[in-house]
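The values are calculated or read from the model by the stated rules, or taken from the named source; none is laboratory data. All figures in this text were calculated on a predicted structure; none of them were measured in a lab. Methodologically, a virtual Cβ is constructed for each residue, glycine included, from the backbone with ideal geometry; neighbour enumeration extends over all protein chains shown. All accessible areas refer to the heavy atoms of the entire protein, side chains included, with ligands and DNA or RNA removed. Shrake-Rupley method; radii C 1.70, N 1.55, O 1.52, S 1.80 Å.
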Amino acid sequence: MHRQRVIGGLILLAAILIAALLIFLRPSPEEKPPEENIPLVQAQPLEIRSGNLMVQGAGTIRAREELTLSAEVAGKLVYVNPGLREGQSVARGATLFRIDTADYRNAVQTAQADVASQNVAVMEAREEVSLAKAELTRFQQRGASSNAYASVDSSDYAARILPPDVLAKTQDTNGQQTDTSAQTNGLATREPQLLSARAALRRAQAQLSDAQTALKRTTVRAPFSGVVRSEEIALGSYVAPGQSLGTMVGTADFEAVIPLSESEAALIPALWRPGSNRIEASVYSDYGGTRYRWQAFVDRANSVLNPQTRTIDVFLRIPNPLRGGAPAVVQKEGQKSAGASGAPPLFVGSFVDAEITGRALDQYAVLPLAALRPGNEIWLVRDGKLRIVKVDILQRTDKKALISTAGLGEKPMVILGTLRTATDGQQVRIAEDRKAAAPEVKPAVSKTKAAKSGADKAP
């Protein structure tokens, strides 16, 4: 028992000596200066471009020409074009519908008969004028002699024009005849009757023209090539003048209404100068997961602000919208592209994106919208320090903003993330892109596959 206590005490004493030796021989810790807390930020270089700005907007496609189909005359429909159905295309000049022409042909014949009758009346009136003038001339010549009135009686036609007692009073005291033409009655020459006959002829001719016009209006033709939007017409139905029978939209040109702010409209040169060079534009629409593009140009701009949005409406004209758009995305090698036959037409009423060629600039930067701070400020990284720069925004969209390069410097790096506190001149660290920094990992080849490959190569 005593022996065990001595052994335990020795072991304890040895442990104490070893611990004291380790404490005595331990190295002193190396002193390091305190590390500074430098924030880590995510940054990327700004894309610098040059050339024309592309003013972007969005709007709705509408028909440039649209009309309501209606009849100008009343009657029964005896023909309706089989292609006059909703969604069908109609060529220019095609007969849409025809009204029964029986009543209108009869009206034309009646008017023609009236014109012929009035022509005869005019001829009779013209002959009567000639006879009256000849009779009056002969009577005046006969009255120039001294005994001219002896043979004039009440049954003479000239006596009714100028009675003998009137002719006698026209002589002066010397027995000379005075001029009686000023005292001749206007009805004597029957010219008023001729004027009345001619007026009746013109009235009959006008009625004939109206009848012929009404006969032509019984056939309604398409004024332009288009698509039938709606139709309410049936063969055998009775139609009245002005009754709506459907609507039709022209397909030669469509137009897109693009609302722009005043600052965006100011980027388009010669927007308010009519007759200047045509401003090119493009219209984009999605169909079946593919984005298609149609060529367009600026047709006009509304000089009155939109009362709801306080924007300027710019109208783009799209020629041949039914021809089909071209794929807007560049196809990869070996990938099939949609041809003109597979491309969809541009639909009226669809919502589209638009790009309008703006003014040319020597330099401008494309800024991600996430990097734009309140007050049109951005954070740049220069020599490891944060710099706060206020920029001039040329155009702003949902994803990016086009800004001026003034004050950005060379190869600007913009900060995308956020910081709790950001002061001009504070030190920052740029986080490395893990995808770019990660080395390319090649797939491992098993020994079995390697041996099999070697066996295949062996003769």
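In the stretch 72-117, of all residues being aromatic (Phe, Trp, Tyr) and assigned to a strand (DSSP E or B), the one that is most open to solvent (accessible area, probe 1.4 Å) corresponds to Tyr79.
Screening the stretch 201-242 for residues that are closer than 23 Å to Ser89 by Cβ and of a type in the set (A, V, I, L, M, F, W, C) and picking the one that is most open to solvent (accessible area, probe 1.4 Å) gives Leu235.
Contact map, the stretch 296-311: residues that are closer than 17 Å to Phe254 by Cβ paired with residues that are open to solvent by 50 Å² or more (accessible area, probe 1.4 Å) and at pLDDT below 90, Cβ distance under 8 Å, separation 6+ or inter-chain. Pairs shown: Phe297/Arg278; Val298/Arg278; Arg300/Pro274.
Taking residues in the stretch 365-383 that are over 19 Å from Glu410 (Cα atoms), and partners anywhere that are outside any strand (DSSP E or B), the pairs with Cβ atoms closer than 7 Å and at least 6 places apart or on different chains are Leu369/Lys399; Ala370/Leu416; Asn376/Val391.
If only residues of the stretch 118-145 that are of a type in the set (Lys, Arg) and free of Cβ contacts under 8 Å to residues at least 60 places away in the same chain are counted, the one that is surrounded by the most Cβ atoms within 10 Å (Cβ to Cβ) is Arg142. Just give me the residues in the stretch 405-436 being open to solvent by 60 Å² or more (accessible area, probe 1.4 Å) and either at pLDDT below 50 or in contact with a Leu (Cβ under 9 Å, 6 or more places away or on another chain) (or both), in sequence order. Of everything in the stretch 405-436, those that are open to solvent by 60 Å² or more (accessible area, probe 1.4 Å) and either at pLDDT below 50 or in contact with a Leu (Cβ under 9 Å, 6 or more places away or on another chain) (or both) turn out to be Lys411, Thr423, Asp424, Gln427, Arg429, Ile430, Arg434, Lys435, Ala436.
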